[in-house]
Amino acid sequence: MFFIDTSRNGKPVYDPIVNQSLDNFLINDLRLRGHGLIMYINSPCVIIGANQNAYAEVNLDYMQQNDITLVRRTGGGGAVYHDFGNIIFENIVVDEDTHFGDFKYYAEPIMRALKEMGLENVEMKGKNDISINGHKISGMSMVAAQDAIAAGGTLLYDLDHEQASRVLTPNQEKIQAKGVKSVNKRILNIKDLLPEKYQDMSTQAFKEELLLRIFNVNSFDKIEKYTLTEDDWKIIDSRIEEKYGTDAWNYGKNPGYDYYVSKYFNNVGTVTFNFDVDGSNTIASFKTYGDINYPDLTEFDKAILGAPLESSALTEAFKKADYQTVIGDVNVDDLVSLVLKK
């Protein structure tokens with residue numbers, strides 16, 4: 001494994017729109033062969049999944065009033081708040097076994113480093129969360145390209161949870177399914193859990209300590225690294241101008257269909273359907289959202305159009321849409337029941 005230095009002109013980059021675009025550049029353009037790792041800190045922002053509806057997941061008024069940036073990631077997963085107390089890590093793997101879907105594989109070096117710093121009961125919870133003593137301190141997501149993936153997540157070191165709770169609009173069904181009363185009850189900061197000798201560390205200092213332990217070295221000059229060049233940055237800048245910095249990408253369009261139904265599934269996360277029904281009681285418009293890692297839901301949504309609003313027809317439509325490949329390990333009857341719940 002090697003480190004990919006994403007500083008620019010020798011200075012760290014805190015712009016979340018820039019940072020969130022890096023994985024796409026690294027797996028599709030630069031494509032450094034092997035297993036790379038990036039780690040960075042964002043200024044205050046909300047990151048939403050590629051298939052999420054920003055208008056339903058985020059308190060947009062509060063976000064705009066408090067200069068919090070909205071950024072859409074290229075991978076799936078849910079909405080999260082980042083600030084200067086949060087660290088983001090991503091494994092960039094090109095032209096070798098990507099271990100796609102194996103979140104634990106990519107969490108192991110992080111968990112090992114945390115254990116070495118004296119934390120106990122560091123483990124994976126669910127499909128893609130890292131927890132300490134049952135408290136979530138990291139959520140992970142993954143995105144694939146040709147023979148490459150970006151797999152990473154957040155590390156809640158010293159996050160402002162009060163700010164996070166105000167800007168995010170939590171899915172109450174998801175919270176209840178995980179057996180907790182509120183987001184704040186479930187999530188703590190790593191800083192609060194560390195042994196006393198580490199608790200005065202800044203976020204940057206903690207990040208540096210983690211990197212030394214992940215790479216098993218005692219100084220940074222011993223870490224194999226690649227530093228982004230000016231030519232690299234020119235391509236990154238162009239991608240931001242064309243796509244990742246635009247409102248069309250980050251906010252998307254809220255179709256505002258009449259029916260909006262949502263359910264949390266333990267194996268896949270939240271699945272949401274927003275749709276309209278015409279006068280003959282068939283699906284006239286259909287849009288899928290949620291914590292879904294499938295890259296493009298367009299064809300899936302098209303396959304549901306025209307289905308009569310009744311059980312057998314919807315079952316056939318979901319099967320035609322290859323729902324298990326797109327959404328994951330869910331029962332088709334549960335998806336049908338969700339639509340009929342309207």
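We did not get these values from a lab; they are worked out from the coordinates using the rules stated. Quantities reported herein were computed from a predicted structural model and do not represent experimental measurements. Every residue, glycine as well, gets a Cβ built from its backbone with ideal geometry; the counts of neighbours run over all protein chains shown.
Quick check: from the Cα gyration tensor, does the stretch 9-111 come out rounded (a/c under 1.5), prolate or oblate? Can you show the working numbers first?
Numbers: a/c = 1.99, a/b = 1.59, b/c = 1.25.
Prolate shape, in that a/c is at least 1.5 and a/b is the bigger ratio.
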Computed for the stretch 24-116: size of charge dipole around the Cα centre, +1 on C-beta of each Lys and Arg, -1 on C-beta of each Asp and Glu, debye to nearest 20, value 80
Between the modelled labels at Tyr259 and Glu162 (7 Å from Cα along Cα→Cβ) the distance in nm is 4.3
Simple spin-label estimate for Val217/Asp97, 7 Å along Cα→Cβ, in nm, reads 2.5
In nm, the gap between the two label points placed 7 Å beyond Cα toward Cβ at Thr227 and Tyr62 is 4.1
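Could you calculate the contour length gain from Glu241 to Asn331, that is, 0.36 nm times the residue separation minus the distance between their Cα atoms, to one decimal place in nm?
Values: separation 90, 0.36 × 90 = 32.40 nm, distance 4.10 nm.
Full extension of this stretch gives 28.3 nm more.
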For the chain the mean separation of alpha carbon contacts under 8 Å (6+ apart) over residue count, i.e. relative contact order in percent, is 19
The correct pair for the stretch 194-245, radius of gyration to one decimal and Dmax as a whole number, both in Å and from Cα atoms, is 16.6, 47
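Quick one: compute the contact order of the stretch 259-340, relative version, from alpha carbon pairs under 8 angstrom and 6+ residues apart, as a percent.
Computed over the stretch 259-340, the figure is 27 percent.
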Of the stretch 141-160, those with amide N under 20 Å from the point 7 Å along the Cα→Cβ vector of Asn133 are 155-160
Extend 7 Å from the Cα of Glu108 along its Cα-to-C-beta direction; within the stretch 21-50, residues with backbone N under 19 Å of that point are 34-38
Volume per residue (Å³) of the convex hull spanned by the alpha carbons of the stretch 2-250 is 127
For the stretch 259-340, shape from the Cα gyration tensor axes a ≥ b ≥ c, cut at a/c of 1.5 then a/b versus b/c, turns out prolate
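With charges only on Cβ, +1 for K and R and -1 for D and E, what is the dipole size of the stretch 2-250 about its Cα centre, in debye, rounded to 20?
Values: 27 positive and 37 negative charges, 153 e Å.
It works out to roughly 740 debye.
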With -39,500 (n - 2.57) per DSSP H segment of 4 or more residues and division by the full residue count of the chain, the 222 nm estimate, nearest 500 deg cm²/dmol, is -8500 deg cm²/dmol
Using alpha carbon centers only, the stretch 234-290 is separated from the stretch 96-118 by a whole-angstrom value of 31
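Taking GluC sites (Glu not before Pro) as candidate sites, keep only those in a DSSP loop with at most 13 other Cβ atoms within 10 Å, then name the longest stretch of the chain containing none of them.
Details: sites that count: Glu96, Glu120, Glu224, Glu310.
Value returned for the longest uninterrupted segment is 121-223.
With a cap of 14 neighbouring Cβ atoms within 10 Å, and only residues DSSP puts in a loop, list the trypsin sites (Lys or Arg not before Pro) found in the stretch 196-273. Walk me through the intermediate numbers first.
On the way: sites: Lys197, Lys207, Arg213, Lys222, Lys225, Lys234, Arg239, Lys243, Lys253, Lys263; in loops: Lys253.
Passing both the DSSP loop test and the Cβ count: Lys253.
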Quick calc, the stretch 5-53, dipole around Cα centre from Cβ unit charges on Lys, Arg (+) and Asp, Glu (-), nearest 20 debye, gives 120
Given the candidates Ser262, Ser7, Ala50, the one whose Cα lies deepest towards the positive end of the charge dipole of the chain, counting +1 at each Lys or Arg C-beta and -1 at each Asp or Glu C-beta, is Ser262
Expressed as a whole-number percentage, the relative contact order of the stretch 187-326 with C-alpha contacts under 8 angstrom and at least six residues apart is 11
Gyration tensor on Cα atoms of the stretch 58-150, a ≥ b ≥ c root eigenvalues, a/c under 1.5 rounded, else prolate if a/b beats b/c, else oblate, says oblate
